[in-house]
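None of the figures in this text is laboratory data; all of them are computed from the coordinates on show. Quick caveat: nothing in here was measured; it's all calculated off a predicted structure. Cβ placement follows ideal geometry from the backbone for every residue including glycine, while neighbour counts extend to all protein chains displayed.
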Ligand code: ADP
Ligand code: MG
């Protein structure tokens, strides 16, 4: 039984759903079947099926397809996106940010050890088991995930979290792609703004040029109280 909408991204809309027999509640990602998305969806399923169980990754429970849609049944994560926690709470303390990033890094290390790269780590794809700082982190959205051995970008990721080398011709993704994105997330957690787009209004060209320069914008009072270790 499909219930309320939990969130939406560029590719799918996720609903709460209840299993009729058991009454168990899950998250179901619904993606419209189009020729352009078919391969992406199949890859997302294949990647999720390859990923073993890890506390930091929302588990794929089942998947179905109809003539119109694909359905991915996942573990329900109820605390909302890290993105919303930032909007609700403002910047995190160093301790709160460290707690989050340790979990994200753990999940990424787990994927890397299995020969996979997530390639779309960002606050919208990091969910919390409880609202606000303090919840456990679960990584979702394997639509861009790829094998480290034969990396392939099949859908446009979020530019804002790409490393400089990703903009070059014939670029591929790997562990550094995830590491860079985790660094951007950490910067955002500590300061409340994007290192290469402080106003949040940069267009693609401006953002790309700032990322290519690779010099974050530290010019904000938010950094006045952070330790040199955190900044480093
Ligand atoms: P897209 O590929 O379109 O970005 P996502 O897989 O990121 O789709 O899902 C879109 C949004 O749905 C997420 O940003 C999150 O808010 C919500 N969502 C995704 N998976 C879950 C889940 N397992 N539990 C709760 N909410 C989820
Ligand atoms: Mg997403």
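I want to check the label-to-label distance for residue 53 and residue 204. Put each point 7 Å from Cα in the C-beta direction and report it in nm to one decimal.
For the pair residue 53/residue 204, the computed spacing is 4.2 nm.
Report the full-extension gain for the segment residue 94 to residue 46: residue separation times 0.36 nm, less the Cα-Cα distance, to one decimal in nm.
Computed gain between residue 94 and residue 46 is 13.7 nm.
Using alpha carbons only, how many angstrom separate the centre of segment 164-232 from the centre of segment 86-158?
Going from one Cα centre to the other spans 15 Å.
If you line up the long axis of helix 204-213 against the longest principal axis of the chain, both from Cα atoms, how many degrees apart are they, to the nearest 10?
Helix 204-213 and the main axis of the chain meet at about 60 degrees.
Given the peptides 2-13, 189-200, 133-144, arrange them by the average over their residues of other C-beta atoms within 10 Å, most packed first.
133-144, 189-200, 2-13
As an exercise, use a Förster radius of 25 Å and the Cβ-Cβ distance of residue 179 and residue 229 to find the FRET efficiency, rounded to the nearest 0.05.
0.90
Rounding to the nearest 10 and keeping the result within 0 to 90°, find how far the Cα-based axis of helix 175-191 lies from the longest principal axis of the chain.
Helix 175-191 sits roughly 70 degrees off the main axis of the chain.
Can you tell me which of 207-219, 97-109, 114-126 comes out highest on packing, and rank the rest after it, using the mean Cβ neighbours within 10 Å?
Output ranking for 207-219, 97-109, 114-126: 114-126, 97-109, 207-219.
If you line up the long axis of helix 94-113 against the longest principal axis of the chain, both from Cα atoms, how many degrees apart are they, to the nearest 10?
50 degrees
For the chain, calculate the relative contact order in percent as a whole number, restricting contacts to Cα pairs under 8 Å that are 6 or more residues apart.
16 percent
Kindly rank 60-66, 83-89 from highest to lowest mean number of other beta carbons found within 10 Å of each residue.
83-89, 60-66
Work out the FRET efficiency for residue 8 and residue 219 from their Cβ-Cβ distance, taking R0 = 30 Å, and round it to the nearest 0.05.
After rounding to 0.05, the efficiency reads 0.35.
Taking 0.36 nm per residue of separation and subtracting the Cα-Cα distance, what length does fully extending residue 102 through residue 16 add?
Taking 0.36 nm per residue and subtracting the Cα distance, the gain is 28.2 nm.
For the chain, what is the mean residue ellipticity at 222 nm derived from helices alone (per DSSP H run of n ≥ 4: -39500 (n - 2.57); sum divided by total residues; nearest 500 deg cm²/dmol)?
Computed ellipticity for the chain at 222 nm equals -10000 deg cm²/dmol.
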